[in-house]
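Input: a single structure, listed below in structure tokens.
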Amino acid sequence: LTPFEAQSYLRALLAVSAADGISVQELSYIESQAQTLGVSVDALMIEPAADLEALREQCSAETRRMIVRDCITLASIDSDYTEVERATVQRISEQLGVSQKRVEAFEEWTREYWEVVQRGEHLVRDED
């Protein structure tokens, strides 16, 4: 990602997490992503609003889809993908030109992912 794309990506994550209050898990995810991208999340917290329409023309469809996917992952990380978060993801996906069909596919993929994670945790904890 270019510096502009990285900052926009992180601002999108911040917008989703702020929709219903940033949880510890969400903040940890954002900080991890920021560190990976070499961006200070503290500076972005001052100005978290994300107008992503500029990204629609400046980055690939794959990058735009990745942003939406990761917003849904982030919103689900605390096991509570709220309607407020879903509405924020919908707004972001519209700004980025990501279809509703793709958003729904990412939501289903995310639900399936967390179900697999939970089954794995039960396997580790449960006695035979």
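The values are calculated or read from the model by the stated rules, or taken from the named source; none is laboratory data. Bear in mind that the values here come from a model prediction, so they are computed numbers and not experimental data. Positions of Cβ are generated from backbone atoms using ideal geometry, with glycine treated the same way; all protein chains shown enter the neighbour counts. Accessible surface is based on the protein model in full, side chains and every heavy atom, while ligands, DNA and RNA are left aside. Shrake-Rupley method; radii C 1.70, N 1.55, O 1.52, S 1.80 Å.
Quick notes on this structure:
- Elements of type helices (runs of 4 or more DSSP H) contained in the range 1-61, each with 3 or more residues being of a type in the set (Val, Ile, Thr): 24-37
- Near pairs, Cβ below 6 angstrom, 6+ apart or cross-chain, from the range 103-128 (in a helix (DSSP H, G or I)) to any residue that is open to solvent by less than 100 Å² (accessible area, probe 1.4 Å) and among the β-branched types (Val, Ile, Thr): PHE106/ILE72; GLU107/ILE72; THR110/ILE72; THR110/THR73
- Some residue of the range 91-101 being within 19 Å of ILE22 (Cβ to Cβ) and open to solvent by 20 Å² or more (accessible area, probe 1.4 Å): yes
- Annotation: ASP42 fulfils all but one of (1) among the acidic types (Asp, Glu); (2) crowded, with 18+ Cβ neighbours inside 10 Å; (3) within 12 Å of ARG11 (Cα to Cα); the unmet one is (2).
- Considering (1) surrounded by 18 or more Cβ atoms within 10 Å (Cβ to Cβ); (2) out of contact with any Cys (no Cβ under 8 Å at 6 or more places or on another chain); (3) polar (S, T, N, Q), the lone condition that THR88 does not fulfil carries the number (2).
- First in the range 23-40 and in contact (Cβ under 8 Å) with a residue 12 or more places away in the chain, second anywhere and of a type in the set (Gly, Ala, Ser) and surrounded by 17 or more Cβ atoms within 10 Å (Cβ to Cβ), Cβ under 7 Å, 6 or more apart: GLU26/SER17; ILE30/SER17; LEU37/ALA6; VAL39/ALA6
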